[in-house]
1. Condition (residue is part of a loop (DSSP other than H, G, I, E, B) and farther than 26 Å from residue 84 by Cβ) applied to region 153-176: is it met by at least one residue?
2. Looking at (1) under 25 Å from residue 266 (Cα atoms); (2) surrounded by 18 or more Cβ atoms within 10 Å (Cβ to Cβ); (3) touching a Leu at 6+ places or on another chain (Cβ under 7 Å); (4) basic (Lys, Arg), which one does residue 450 not meet, given that it meets all the others?
3. Given the conditions (1) touching a Pro at 6+ places or on another chain (Cβ under 8 Å); (2) surrounded by 15 or more Cβ atoms within 10 Å (Cβ to Cβ); (3) of a type outside the set (Ser, Thr, Tyr), and given that residue 355 satisfies all but one, which numbered condition is not satisfied?
4. Would a scan of region 239-246 turn up a residue that is buried (at least 23 other Cβ atoms within 10 Å of the Cβ), at pLDDT 95 or above and of a type outside the set (Asp, Glu)?
5. Within region 296-310, is there a residue that is of a type outside the set (Val, Ile, Thr), exposed (fewer than 13 other Cβ atoms within 10 Å of the Cβ) and in a loop (DSSP other than H, G, I, E, B)?
6. Restricting attention to region 376-389, which residues are closer than 22 Å to residue 334 by Cβ and over 26 Å from the mean Cα position of the chain (by Cα)?
7. Do you know which of the residues in region 382-426 that are of a type in the set (S, T, N, Q) and farther than 19 Å from residue 351 by Cα is surrounded by the most Cβ atoms within 10 Å (Cβ to Cβ)?
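The values are calculated or read from the model by the stated rules, or taken from the named source; none is laboratory data. Every value quoted in this text rests on a predicted model; they were computed, and no experiment measured them. Cβ sites come from the backbone with ideal geometry, for glycine too, and all protein chains shown count toward neighbours.
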Amino acid sequence: MPVPVPRQRAIPAVESGQARTASPQGGGAPLEEEANNRAARTDGRKEATVETAATATTSTPANLGLLLIQDDPAAAPVVPGLLDQAGKPIRVRTARNLTEAERLLTDDVHCILLDLALPVTGRAQEDDDELAVLKQVLRLAPRHAVLALTASGDAERGAEAVRVGAQDYLFHEELDGRLLSRAIRYAVERKRSDSAERRLAEGRLRAQENARLERGLLPTPLLEGSSLRFAARYRPGRSRALLGGDFYDTVRTPDGTVHAMIGDVCGHGPDEAALGVELRIAWRALTLAGLCGDELLGTLQQVLEHERDDDEIFATLCTVDIAPDGRRAGLCLAGHPAPLIARPDGPARLLPYDNNGPALGLLPGARWPRTQVQLGAEWSLLLYTDGLIEGRVGTGSRERLGQDGMVEMIRRLLGEGLRGEELLRSSVNEVRELNGGELTDDVALMLLERTRD
């Protein structure tokens, strides 16, 4: 009777700034379409990277090694002339039990040929499971390809072995060197393909979980009852991320005051992103508890000092508290660029920054003066991080946009009639174009607008 060739299963092909807006009533809107597209492109790049790595690991190694596990040496199959795909001999080792097999499972063993009739030892003896020995081998060698060896009249048991985790099954009576060599090569390839596909799926799942986590960490503005309009835009500087070291938030307290904040932790890695989230949450809690100005910033500095991993880490911060009538505000700057205000009665300009205090985390016992500013009846207030002003103004240029360049850009865009989210999107896009490509630093912008009563 001809020896059956183990069927080769088909190897599946490896699959290949964020912005939020809120209504005055408070509920945050979903991430806009561009952010979702960007996340999709990011996931695609991740999958492509994993696909390349997976493809690189699916080639059969040189000098394949086989471990035969069978307790009766006299009944062991005669397997002379085992050759790999390159025509090189396949090394064969023999173990009479799982204890010997564990000792012989070195890195140069790529496939296990297991006799399902091998006596079961240990706890598995208590289980009425005819595949208990196979399950023991799969736990012992999770990275190895496994071929099950059974009697020719027991095809059902062989098929069940494949369902449990073996790559294929063979019959004792139907072995010869050529077909066993082929079965070994197929089993090794299938195991490598399955492992690569599993790693790819796990990588995609981790990327999706991270993206959901980062999106969940972005703030939802609490502006219920306020007539102010709110828009924000966020673009992290680090590759393949949705969250960086910049952070922002805005809340309305029961007395009708609207509090807004934007900050920047030095650096833009995952640790800085986590610290930024901690500072934002602390700011919101302290603000809702009634703290403001110097007292609030001093407490945030204590939070920073306790949470940072390195004494060199600091954070800049800008806080604004807008009076219930919307016509005046208090401004505190901790080493942060001053906000920009635009009114119908004059060109856009920066708010006063003479009382700019030190960044959080630099000077123990520092103080941060609060400056009273007049906003007027109708205005737009732009808070931003330095990623917006530190980009270059031409490919290969050493000159940065700076605050003056940013003010001129905003004036021009306002003159073109841009407002709200459209103003923020156009600002970020223009800064990127001037820079000649993606910005290396995080960029966060927050816009509050009040229309005439």
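1. There is at least one residue in region 153-176 that is part of a loop (DSSP other than H, G, I, E, B) and farther than 26 Å from residue 84 by Cβ.
2. (1)
3. (2)
4. Step one: of region 239-246, the residues buried (at least 23 other Cβ atoms within 10 Å of the Cβ) are 242-246.
With at pLDDT 95 or above added as a condition, the list becomes none.
Within region 239-246 (the criterion being buried (at least 23 other Cβ atoms within 10 Å of the Cβ), at pLDDT 95 or above and of a type outside the set (Asp, Glu)), the answer is no, since none of the residues qualifies.
5. Yes, that holds for at least one residue.
6. Listed by number, the residues that qualify are 381, 382, 383, 389.
7. Looking at the filtered set, the residue picked out is 426.
Yes/no per residue for (1) part of a loop (DSSP other than H, G, I, E, B); (2) in contact with a strand residue (DSSP E or B) (Cβ under 9 Å, 6 or more places away or on another chain); (3) under 17 Å from residue 446 (Cα atoms); (4) of a type outside the set (Ser, Thr, Tyr):
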| site | (1), (2), (3), (4) |
| --- | --- |
| 233 | no, yes, yes, yes |
| 247 | no, yes, yes, yes |
| 254 | yes, no, no, yes |
| 262 | no, yes, yes, yes |
| 282 | no, no, no, yes |
| 291 | yes, no, no, yes |
| 324 | yes, yes, no, yes |
